[in-house]
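Enquirer: Sharing a structure below in structure tokens format, with a few things to ask.
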């Protein structure tokens, strides 16, 4: 449905199919970056993200690494991955990562990459648990962790603004963004219900014309 909405938001001339250039073509990787990254390369990247992604939300780190820096994933594909990851049960970060890695390497690699992604945080948490619950607990550690979490929130906000380019192809996208913020952020509405309702409304507002639907 997300692909259909994105397609419908493109401008088109009467009697012609809408312009679909760039929708499904992956971005060109910068010089020195392989078009299909190796598992070793992905493992190193995910080990680093797993060890440094403070703030409780890893998708912004995926965006910076896979979309902006290495250009393996388009902004539109990332937006779809994040939406699906939020909709499905389980951690949003793991869901989003599985979607992204499946795009560049396939399902087997997607399943494997969950291991290097989760391993650093598990080991760090085990070590911190021994420190925070033991006799060596220090208030300075809590302050440092709070500061790191605030930094992660800042990265999340920056990523949201960077992703608005993909959404701007759809009609009335600012209204849908404001409605989602009010419903989920202030009124406490269920996220899945909010996404489904706004998705259906967006489908109605961005549906193609009769000439486009028959071409």
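Enquirer: What order do you get for 113, 205 when you list them from fewest to most C-beta neighbours inside 10 Å?
Expert: Fewest-to-most Cβ neighbours within 10 Å comes out as 205, 113.
Enquirer: Let me ask you something else. Taking region 73-135 as the region of interest, what is the percent of Cα-Cα pairs per 10 angstrom bin, listed from the shortest bin to the one with the maximum distance?
Expert: Distribution as computed: 21, 40, 23, 13, 3 percent.
Enquirer: Please arrange 176, 78, 191 by how many other C-beta atoms lie within 10 Å of their C-beta, fewest to most.
Expert: Ascending number of Cβ neighbours within 10 Å: 191, 176, 78.
Enquirer: Moving on to the next point. Can you classify region 47-97 as rounded, prolate or oblate using the Cα gyration tensor, where a ≥ b ≥ c are the square roots of its eigenvalues, rounded means a/c under 1.5, and otherwise it's prolate if a/b beats b/c and oblate if not?
Expert: Oblate.
Enquirer: Which order results if 67, 108, 84 are arranged by neighbouring Cβ count within 10 Å, fewest first? List each step's numbers first, then the result.
Expert: Numbers: 67 23, 108 11, 84 16.
Ascending Cβ contact count within 10 Å gives the list 108, 84, 67.
Each value in this text was obtained by applying a stated rule to the coordinates, not by laboratory testing. Quick caveat, the model's predicted, so the values are computed rather than measured. Virtual Cβ from ideal backbone geometry, glycine too; neighbours counted across all protein chains shown.
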